[in-house]
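Structure record follows, encoded as structure tokens.
The values are calculated or read from the model by the stated rules, or taken from the named source; none is laboratory data. Just so we're clear, the structure is a prediction, and the values are computed from it rather than from any experiment. Because the Cβ atoms are built from the backbone with ideal geometry, glycine has one as well, and the counts that use them run over all protein chains shown. Remember, those area values only see protein heavy atoms, side chains included, never the ligands or the DNA or RNA. Shrake-Rupley method; radii C 1.70, N 1.55, O 1.52, S 1.80 Å.
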Amino acid sequence: MLQEDSFRRFLFETLGVRGEFVRLDTSWKSVLERHPYPETVSQQLGQALAAVVLLSATIKYKGALILQVQSEGPLHTLVVQATDQRRVRGIAHWRGEVPLGSLPEIFGPGRLVLTVQNEAAEPYQGVTELLGDSLAAAIEHYFERSEQLATRLWLAADGHRAAGLFLQELPDAHHDPEDWARVTMLADTVSDSELLTLPSERLLYRLFNEERVRVFDPEVVTFHCNCSRDRIERVLLAVGRAEIDETLETAHTIDVHCDFCNRLYRFDAVDIGSLFADESRIIGSSRRH
Ligand SMILES: [Zn+2]
């Protein structure tokens, strides 16, 4: 059976190089269904979504990786997230006409932000200038700056699928620069259409059949948004009763839309009343102890 939304690791056993391949189909369509995007925006969002799955593969604990582009050009905000469970979500914001062009034309001057959210520790954030002609080049630049490991990515996306290929030198392994040059040269021959359509085994065979490659079992990738009424309630509590009551006077309900999944969370005066009543009860009872 063809694995539609799958992530695979592979290993060049004698070269000290690891690889990953991801293809998003249903999960990518789930992102596109929630927001209509111009093609020039969705191409970048799809590539970013594929990239964040590839980069999240090193997460060894419960958590998530968030890749963001914040910039001043037509496409000014891009946020994608992948969890250790391979659950993905993403969103893009733009203004005006987004041109079909190179990275600087699409995004303008900006920065690339990678955030590692570990449930057991403080989040870690790495920031670098958005450089290069493509999103893949910008991410490679990030790795050049932040890690000593040679890293390359190949990304593609259209209105149906998003895909990515990733190669990285293994830490603490013996590296021969000629090996790295050869496997990246082979990977450079991949076309966008092969990334988007060839079954993963065939793709890896087509690129690396003269190398010794160990391919691991595929893992499933799904669209999932971790927003919840609970989280929204915590935000409302932080905003405070006075400001919310003011909004309620004119709007009758407090409507909060999740950007990522488009879900609507609606609170009327009764919901708000009981939310803040619960809060005072919690505070009251903790004071009694
Ligand atoms: Zn959501």
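What about E72, is it surrounded by fewer than 16 Cβ atoms within 10 Å (Cβ to Cβ), among the acidic types (D, E), over 30 Å from D179 (Cβ atoms) and touching a strand residue (DSSP E or B) at 6+ places or on another chain (Cβ under 7 Å)?
yes
What's the number of the condition V80 fails, among (1) out of contact with any Lys or Arg (no Cβ under 8 Å at 6 or more places or on another chain); (2) among the β-branched types (V, I, T); (3) crowded, with 18+ Cβ neighbours inside 10 Å?
(1)
Suppose the filter is touching a strand residue (DSSP E or B) at 6+ places or on another chain (Cβ under 6 Å), open to solvent by less than 30 Å² (accessible area, probe 1.4 Å), more than 16 Å from the ligand (Cβ to nearest atom) and farther than 23 Å from I66 by Cβ; does V221 pass it? Spell out the reasoning first.
Working: touching a strand residue (DSSP E or B) at 6+ places or on another chain (Cβ under 6 Å): yes; open to solvent by less than 30 Å² (accessible area, probe 1.4 Å): yes; more than 16 Å from the ligand (Cβ to nearest atom): yes; farther than 23 Å from I66 by Cβ: no.
Against the criterion (touching a strand residue (DSSP E or B) at 6+ places or on another chain (Cβ under 6 Å), open to solvent by less than 30 Å² (accessible area, probe 1.4 Å), more than 16 Å from the ligand (Cβ to nearest atom) and farther than 23 Å from I66 by Cβ), V221 does not qualify.
What do you reckon, is Q44 within 16 Å of the chain's Cα centre (by Cα) and open to solvent by 70 Å² or more (accessible area, probe 1.4 Å)?
Considered against the rule, which asks whether it is within 16 Å of the chain's Cα centre (by Cα) and open to solvent by 70 Å² or more (accessible area, probe 1.4 Å), Q44 comes out as no.
Going through the stretch 69-90 one residue at a time, which ones are of a type in the set (V, I, T) and away from the ligand (no atom under 15 Å from the Cβ)?
If the condition is that a residue be of a type in the set (V, I, T) and away from the ligand (no atom under 15 Å from the Cβ), then V69, T77 are the ones that fit.
Can you confirm whether the stretch 238-245 contains a residue that is of a type in the set (G, A, S), over 22 Å from T151 (Cβ atoms) and either within 16 Å of the ligand (Cβ to nearest atom) or modelled with pLDDT of 95 or more (or both)?
no
Which of the residues belonging to the stretch 192-218 are crowded, with 16+ Cβ neighbours inside 10 Å and assigned to a loop (DSSP other than H, G, I, E, B)?
L198, E211, P218
Evaluate the following for I283: is it open to solvent by less than 30 Å² (accessible area, probe 1.4 Å) and either at pLDDT 95 or above or not small (G, A, S) (or both)? Steps first, answer last, please.
Values: open to solvent by less than 30 Å² (accessible area, probe 1.4 Å): no; either at pLDDT 95 or above or not small (G, A, S) (or both): yes.
In short, no.
Can you find a residue that is farther than 23 Å from D25 by Cα, assigned to a loop (DSSP other than H, G, I, E, B) and in contact (Cβ under 8 Å) with a residue 60 or more places away in the chain anywhere in the stretch 128-143?
Within the stretch 128-143, one or more residues are farther than 23 Å from D25 by Cα, assigned to a loop (DSSP other than H, G, I, E, B) and in contact (Cβ under 8 Å) with a residue 60 or more places away in the chain.
Have a look at I59, I66 and point out the one that is assigned to a strand (DSSP E or B) and either at pLDDT 95 or above or open to solvent by less than 40 Å² (accessible area, probe 1.4 Å) (or both). It would help to see each step written out before you state the result.
Working: I59 fails: assigned to a strand (DSSP E or B).
After ruling out the rest, the residue left standing is I66.
Which condition breaks for D230 when tested against (1) away from the ligand (no atom under 13 Å from the Cβ); (2) exposed (fewer than 12 other Cβ atoms within 10 Å of the Cβ); (3) assigned to a helix (DSSP H, G or I); (4) not aliphatic (A, V, I, L, M)?
Failing condition for D230: (1).
Mind listing whichever residues of the stretch 145-176 are of a type outside the set (D, E, K, R) and modelled with pLDDT under 90?
Matches in the stretch 145-176: S146, Q148, L149, P171, A173, H174, H175.
Does any residue of the stretch 91-98 turn out to be surrounded by 16 or more Cβ atoms within 10 Å (Cβ to Cβ), away from the ligand (no atom under 16 Å from the Cβ) and touching a residue at least 40 places away in the same chain (Cβ under 8 Å)? Reasoning before the result, please.
First pass over the stretch 91-98, keeping only residues surrounded by 16 or more Cβ atoms within 10 Å (Cβ to Cβ): 91-92, 94, 98.
Narrowing the set further to residues that are away from the ligand (no atom under 16 Å from the Cβ) leaves 94, 98.
If we keep only those that are touching a residue at least 40 places away in the same chain (Cβ under 8 Å) as well, we get 94, 98.
Looking through the stretch 91-98, at least one residue is surrounded by 16 or more Cβ atoms within 10 Å (Cβ to Cβ), away from the ligand (no atom under 16 Å from the Cβ) and touching a residue at least 40 places away in the same chain (Cβ under 8 Å).
Considering V22, V17, V31, V52, which residue is in contact with a His (Cβ under 9 Å, 6 or more places away or on another chain) and either aliphatic (A, V, I, L, M) or under 17 Å from A136 (Cβ atoms) (or both)?
The conditions single out V17.
Within the stretch 246-264, work out how many residues are more than 16 Å from the ligand (Cβ to nearest atom) and in contact with a Leu (Cβ under 8 Å, 6 or more places away or on another chain).
Adding up the residues that qualify gives 1.
From L149, L170, grab the single residue that is open to solvent by 20 Å² or more (accessible area, probe 1.4 Å) and more than 20 Å from L131 (Cα to Cα).
Just a single option satisfies the conditions, and that option is L170.
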